[in-house]
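Below: one structure, written as structure tokens.
Laboratory data are not the source of any read-out in this text; all were calculated from the coordinates shown. Remember, it's a predicted structure, so these values are computed and weren't measured experimentally. Backbone-built Cβ (ideal geometry, glycine too); neighbour counts: all protein chains shown.
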Amino acid sequence: MRLRALLTTLGLAADDVLRAAGLGGVHLRGMARAPRAAFLAAKAAAARRLDDPCVGFRLGALTDLDSFQVFGAAIAHAGTIGEAVAIGLRYHPTVEQGATWQVHPTSDGLRFTYENPPHDDPLADAIDAQQTLVFVAGAVVRLLRRVPPGLVLGCACPRPRHADCLHAASSTAARVLFDRPAWTLELPRALLDERLPAVHPAVPELLRRELERELDAGAPPLDLAARLDQVLRRGLHRGWGQREVAAALGMSTRTLQARLAAAGTSYLQALGAVRMRLACALLRAGELSIEAVAERCGFESLPGFSRFFRRHMGMAPTAYRNRPPAE
């Protein structure tokens, strides 16, 4: 429902965009949480209709902390910025399932890296990350009632060509850096200790109890096949091998091999299947070069990717991309 309102604000026929992404009925009436893949697809569809690959910055500036109900209220009633950050990290799954925040200490503070689960549409990932970073930075500014020095946004996209998008990004941080390797938010250590306006001491505890109930009632854990699919996609462009994938799943390499064998498959088969699905989706989208598709699928060279693709599909990547849609 939040996205529906935001799309309307941007001048789009929101229900048409949402239905085109596979959402309707109970989702449009706010009676059920939208599947994450469809949610991201709707954001990408909006960007394409507006011909604006950076519209996520505008979406983030329009997103209100109050619209997140208990989650937003708990953050707004934190005692310090650091406490607000801790609440956001812990209870983030109550409002958005799948995306993750990685926290890295720096010489003078903390760097937070936002990462989506692997997705077939790079534009969808970018729009969602733009919105999330600007929203979070904007929430910090709103809580402090000023733009603090040292608050830095790192954006893994080019500088926006639309002035409204650039203004939305730059109004929430002291510095905004584009063409970065990841989506990041940097907070200086001194900022984490800044106190927020006092509230009744009973309010934060009541809000967190409710969030704990929502957290406990969340979606059931994914089975091994679904978890492996996500981890493999996440590790493709990072050069992860079987050891890193097993570690990300919380198990040893031997345990992973045994569980896959029991399921009638192997690590190499699972890796090949993930690579093929991603390659086909990216080639159909037509927004990346063949070389970029190869890199995103975890290949060190274009010839290696071409041999792999031809072996599985019986044609070269270029032929697959150029074939008529009906094929």
Over all viewing directions the Cα convex hull of the stretch 224-322 casts an average projected area in nm² of 6.1
What value, in deg cm²/dmol to 500, does the helix sum -39500 (n - 2.57) over DSSP H runs of n ≥ 4 give at 222 nm once divided by the residues of the chain?
-16500 deg cm²/dmol
Assigned charges on the beta-carbon of Lys, Arg, Asp, Glu; the chain dipole about Cα centre (debye)
660
37 °C / 0.692 mPa s Stokes-Einstein diffusion coefficient of the stretch 52-216, Kirkwood radius on C-alpha pairs, µm²/s
203
Label 7 Å along Cα→Cβ of residue 291; the stretch 115-147 residues with amide nitrogen under 20 Å?
122
Percent of all alpha-carbon pairs of the stretch 177-260 at distances over 17 Å, whole number, is 71
How high is the relative contact order of the stretch 224-322, in percent, counting Cα pairs under 8 Å that sit 6 or more residues apart?
24
For the residues 81, 75, 290, what sequence is obtained by ranking on other C-beta atoms within 10 Å, fewest first?
290, 81, 75
Which residue, 117, 201, 35, tops the fluctuation ranking in a GNM of the chain built on C-alpha contacts under 10 Å?
201
So, in nm, how far is label residue 313 from label residue 159 when the simple model puts each one 7 Å beyond its Cα toward the Cβ?
3.6
